[in-house]
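Visitor: Have a look at the structure that comes next, please.
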Amino acid sequence: MITLVLKTIWLLLPAYTPNNFAVLFGGGKPIDLNKNFIDGRRIFGDGKTIRGFVAGVIGGIIVANLQLIIERSFGFEVYSSVAHVYIRFLLLVFLLSFGSMTGDLFGSFVKRRLGFERGRSLPVLDQLMFLVFAYAFASALDEFHMLFTMDILITGVIITPALHLLVNVMAYKLKLKDVWW
Ligand code: CTP
Ligand code: MG
C-alpha cells in the first residue's frame, strides 16, 4: 500500500510540479490578455499568465528528466521502463505537464464563470481539475496505460487532495502561508 502511494506520487510529479514553477516564474501578460468573457467577467484572470504557463510546462518536463536520471542511478524502473525510445517518454511527460497547466487554466475559467475572484479557492476543483486533464491528455499514449494502471489512477484521485492539504498545512506551520488551507 505504501509502495502504491509512493509509486503514484512518483508518476504524478510531472503533473504536480508545474504549478510550483508557475508560482515561482509567473507574472507579466495574462493569458486572456485582460479580456472579458461574454458574462463581463475575466476569461481566466490575472492569476494565469503566459510566462507562468510556459514555465510550468517546461518545469514539469525538467523534473521528469531528473526523475529518469535518479531512477537510472539508483537502479529502479518506473519512467525508465518507457524511456527506451526517449522521444516517447518526452511526449508522455509533456502531455502530463501540459495537461496539468491546461486543467489549472480550465479550473480558473470555471471559477470566473461562478463569480469567484482571483485567488479564492474552490475545493475539489482546485485540487483535481489539473489531474483529470493530465490523465486525459496523456491517455492518448500507450506508454501512459502501461504505467498508469487502474490502481495508480484511483490512488492519484484519492491522495491528491490529501497531499494538497498536507503541503498547505506544512507551509502554514513554516509561516510560508497565512492560512492553513
Ligand atoms: N501562475 C501564473 N500563470 C499560470 C498559473 C499560475 O503566473 N498559468 C502564478 C500566478 O502568480 C498565480 C500563482 O501562480 O497567482 C498561483 O496559481 P493559482 O493558485 O493557480 O492561481 P490564483 O492566483 O489562485 O488564481 P485562480 O483564482 O485563477 O486560481
Ligand atoms: Mg489559487
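Visitor: Quick check on the range 146-156. Is at least one of its residues open to solvent by less than 20 Å² (accessible area, probe 1.4 Å), small (G, A, S), under 26 Å from N36 (Cβ atoms) and touching a Phe, Trp or Tyr at 6+ places or on another chain (Cβ under 9 Å)? It would help to see each step written out before you state the result.
Guide: Filtering the range 146-156 down to residues open to solvent by less than 20 Å² (accessible area, probe 1.4 Å) leaves 147-148, 152, 155-156.
Filter again for small (G, A, S), leaving 156.
Narrowing further to those that are under 26 Å from N36 (Cβ atoms): none.
Within the range 146-156, none of the residues are open to solvent by less than 20 Å² (accessible area, probe 1.4 Å), small (G, A, S), under 26 Å from N36 (Cβ atoms) and touching a Phe, Trp or Tyr at 6+ places or on another chain (Cβ under 9 Å).
Okay, residues lined up against (1) away from ligand 2 (no atom under 16 Å from the Cβ); (2) under 27 Å from I158 (Cβ atoms); (3) open to solvent by 40 Å² or more (accessible area, probe 1.4 Å):
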position: Y79; (1), (2), (3): yes, yes, no
position: H84; (1), (2), (3): yes, no, yes
position: L105; (1), (2), (3): no, yes, no
position: F109; (1), (2), (3): no, yes, yes
position: R120; (1), (2), (3): no, yes, yes
position: L125; (1), (2), (3): no, yes, no
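Visitor: Residue check: is G45 touching a Pro at 6+ places or on another chain (Cβ under 8 Å), within 30 Å of L114 (Cα to Cα) and not in a helix (DSSP H, G or I)? Let's see the steps before the verdict.
Guide: Values: touching a Pro at 6+ places or on another chain (Cβ under 8 Å): yes; within 30 Å of L114 (Cα to Cα): yes; not in a helix (DSSP H, G or I): yes.
Answer is yes for this residue.
Visitor: Here's something else I'd like to know. Could you check the range 110-132 and list, in sequence order, the residues that are part of a helix (DSSP H, G or I) and of a type in the set (V, I, T)?
Guide: First, pick out the residues of the range 110-132 that are part of a helix (DSSP H, G or I): 110-113, 125-132.
Correct list: V110, V132.
Visitor: Still on this model: For the range 25-41, does any single residue satisfy the condition of being touching a residue at least 12 places away in the same chain (Cβ under 8 Å) and part of a helix (DSSP H, G or I)?
Guide: The answer is yes, given that some residue of the range 25-41 is touching a residue at least 12 places away in the same chain (Cβ under 8 Å) and part of a helix (DSSP H, G or I).
Visitor: Does the range 5-45 hold any residues that are among the charged types (D, E, K, R) and surrounded by fewer than 15 Cβ atoms within 10 Å (Cβ to Cβ), and which are they?
Guide: Applying the first criterion (among the charged types (D, E, K, R)) to the range 5-45 yields 7, 29, 32, 35, 39, 41-42.
Selection gives K29, K35, D39.
The values are calculated or read from the model by the stated rules, or taken from the named source; none is laboratory data. The structure presented is a predicted model; accordingly, all values stated were derived computationally and were not measured. With ideal geometry, Cβ positions are generated from the backbone for all residues, glycine too; neighbour counts draw on all protein chains shown. Please note that ligands, DNA and RNA were not included when accessible areas were found on the heavy atoms of the full protein model with its side chains. Shrake-Rupley method; radii C 1.70, N 1.55, O 1.52, S 1.80 Å.
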